[in-house]
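Structure, as structure tokens:
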Amino acid sequence: MSSSPRVQSMNVAEAETRSTIGTAAKKASPFITHKAVSKSLRKLERSSSGLTGSDEKTSYATPTETLSSSSHKHTLNAASILRRHEQNLNSNLSLNASFSSDASMDSFHSRASTGRLIRSYSVGSRSKSYPSKPRSVVSEGALDSPPSGSETKKRCAWVTPNSDPCYIVFHDEEWGVPVHDDKRLFEILVLSGALAEHTWPMILSKRQTFREVFADFDPNAIVKINEKKLIGPGSPASTLLSDLKLRAVIENARQILKVIDEYGSFDKYIWSFVKNKGIVSKFRYQRQVPAKTPKAEVISKDLVRRGFRSVGPTVVYSFMQAAGITNDHLTSCFRFHHCIFEQERYV
């Protein structure tokens, strides 16, 4: 038996409904789905109303009349199913719309709270994220977050973070500071002469031994030291300098006493070469710092003439640097201006 036209219309409606729902799941427009369902529903309503009317009974006097009651019930069931589907679809559309509006409002409020409004894109589009540049936030003239890394003092190039601590202290507190005490000047002269055999870090590490051996560099006490005991085996002095240098220290103490008798103090004698005003070199780079200068050669010659030993131009210039007679701190060193200030105090 061939199928009834009513059954075919029902199947077509179901097929359209299935295809439409399947297409909607694949990113189809919800308005097209709603339109297709409504159209199918109207067709079923017209067919069902035609079955209940008297004219429809007379016009369709066919063998399918025996199945009119069952087809009528089946059609009504299909119509009710489509109505429920339409209601569910409408509710889903309204719910999705409310969710999307709520989400967009939440997104807007959250972005507005941060002070930035960002353009929102449609669902499914991928937005690239770019790293934001760091911003320094300033409040009341100070940084909110501490700067990265602690500030360190910039020193002369010959002082590094790996330098001996006593060497760093010597640079930061003594080197380049004007000295006007006779004992201190004599001590610096002896230590500068020791550079011919040792380095500054090694000399500074034994500085206390130097002071004990040479009676705190008092010339009057040094000239009374027994030279044989000083340079004898097992003497603490033998671990400091060679025999030649040890004898030079005793002889230089004698010559300093003569200078004191002539000038009143060794301080007045040595500072008279620069007219009591320290030399400011203003070097920018370490390679510009010389090993000796014409002024150091002049002082060296006069010391040698007076009977001093181990006082070459290089030793004298090291003495001038350490005693503050010349300021050889680099201009970028934090001690450069400090030493200038100390020099102005004695002018």
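The values are calculated or read from the model by the stated rules, or taken from the named source; none is laboratory data. Being a predicted model, the structure only gives us computed values, none of them experimental. Cβ: placed from backbone, ideal geometry, glycine included. Neighbour counts: every protein chain shown. To get the accessible areas, we keep the full protein, side chains included, count just its heavy atoms, and leave off ligands, DNA and RNA. Shrake-Rupley method; radii C 1.70, N 1.55, O 1.52, S 1.80 Å.
For the structure I just gave you, tell me whether Ala248 is in contact with a Ser or Thr (Cβ under 6 Å, 6 or more places away or on another chain), part of a helix (DSSP H, G or I) and under 30 Å from Ile231 (Cα atoms).
So Ala248 passes the test.
Go through the range 158-215 and give me each residue that's among the acidic types (Asp, Glu) and within 21 Å of Leu240 (Cβ to Cβ).
Once the filter is applied, which keeps residues that are among the acidic types (Asp, Glu) and within 21 Å of Leu240 (Cβ to Cβ), the range 158-215 yields Asp164, Glu174, Glu187, Glu197, Glu212.
Any idea which residue in the range 299-310 is farthest from Ala253 (Cα to Cα), counting only those that are open to solvent by less than 80 Å² (accessible area, probe 1.4 Å) and in a loop (DSSP other than H, G, I, E, B)?
Ser310
Conditions tested, residue by residue: (1) open to solvent by less than 50 Å² (accessible area, probe 1.4 Å); (2) under 46 Å from the mean Cα position of the chain (by Cα).
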residue: Ala291; (1), (2): no, yes
residue: Glu297; (1), (2): no, no
residue: Gly312; (1), (2): yes, no
residue: Phe334; (1), (2): no, yes
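Of everything in the range 235-267, what is of a type in the set (Asp, Glu) and modelled with pLDDT under 95? Give them in sequence order.
Matches in the range 235-267: Asp243 only.
For the range 243-256, give me each residue that is buried (at least 16 other Cβ atoms within 10 Å of the Cβ) and of a type in the set (A, V, I, L, M, F, W, C).
Residues satisfying the conditions are Leu246, Ala248, Val249, Ile250, Ala253, Ile256.
Residues being open to solvent by 80 Å² or more (accessible area, probe 1.4 Å) and either under 19 Å from Ser192 (Cα atoms) or not in a loop (DSSP other than H, G, I, E, B) (or both): count how many of those fall in the range 267-289.
3
Filter the range 306-320 for residues that are at positive phi and not hydroxyl-bearing (Ser, Thr, Tyr) and give the result.
Gly307
What residue, among those in the range 216-242 that are open to solvent by 40 Å² or more (accessible area, probe 1.4 Å) and assigned to a helix (DSSP H, G or I), is nearest to Phe170 (Cα to Cα)?
Only one residue tops the list, namely Asp216.
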